[in-house]
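Engineer: Provided herewith is a single structure, encoded as structure tokens, for subsequent inquiry.
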Amino acid sequence: MTTLRAGLKTAVAIVVAATSLTLSAPSLSNDFSARRSSADIEGRVVGIADGDTLTVLRDQTQFRVRLAEIDAPEKAQAFGQRAKQSLSNLCFGKLARVENKGRDRYGRTIGRVWCAGVDISAEQVQRGMAWVYDRYATDQHLYALQHNAQSSKRGLWADPEPVRPWEWRRA
């Protein structure tokens, strides 16, 4: 019986030690969701991929962020480069707060982003640099901004027949 107790104590000690090592070891992964799935990310914008994707640096970790609820033209599409430049003007080099909404199928963080206090999804739509992404939109206010940009022929709405990015990608 004493041998069994000693064996159990040793096994428990090994499990406890292994667990504490795992919990205290620094993460080598950029997988933010593995550490905290719903926490905001705050950091500096260090990269702009296109009109709806940016990179935020926090504590030497980069987070690729897809702007929630909108879809900007692809880089090779009409207004794609302008949408990218608009996002760059709004955020590049600035501090950003990302309201983490989860991950997309490419592993990017999906988030509502604020740079210098400006809601970037709303601003891109208002400037005519992105569509409200009907499939994922929950903020009804974005539709009013889009309607205003469309009726004012701002940005991509200056084109008489703009092509939605999700349709352009399928073509």
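The values are calculated or read from the model by the stated rules, or taken from the named source; none is laboratory data. Small disclaimer: the values here were computed from a predicted structure and weren't measured. Please note: Cβ atoms are built from the backbone with ideal geometry, for glycine as well, and neighbour counts cover all protein chains shown. All accessible areas refer to the heavy atoms of the entire protein, side chains included, with ligands and DNA or RNA removed. Shrake-Rupley method; radii C 1.70, N 1.55, O 1.52, S 1.80 Å.
Engineer: Name the single residue that is farthest from E74 (Cα to Cα) among those in region 119-162 being in contact (Cβ under 8 Å) with a residue 60 or more places away in the chain and surrounded by fewer than 16 Cβ atoms within 10 Å (Cβ to Cβ).
Structural biologist: Restricting to residues being in contact (Cβ under 8 Å) with a residue 60 or more places away in the chain and surrounded by fewer than 16 Cβ atoms within 10 Å (Cβ to Cβ), the top hit is T138.
Engineer: Given the conditions (1) open to solvent by less than 30 Å² (accessible area, probe 1.4 Å); (2) out of contact with any strand residue (DSSP E or B) (no Cβ under 9 Å at 6 or more places or on another chain); (3) at pLDDT below 50, report the number of the one that Q77 does not fulfil.
Structural biologist: Looking at each condition in turn, Q77 falls short on (3).
Engineer: Hey, can you tell me all the residues within region 97-118 that are more than 11 Å from the chain's Cα centre (by Cα) and open to solvent by less than 10 Å² (accessible area, probe 1.4 Å)?
Structural biologist: If the condition is that a residue be more than 11 Å from the chain's Cα centre (by Cα) and open to solvent by less than 10 Å² (accessible area, probe 1.4 Å), then C115 is the only one that fits.
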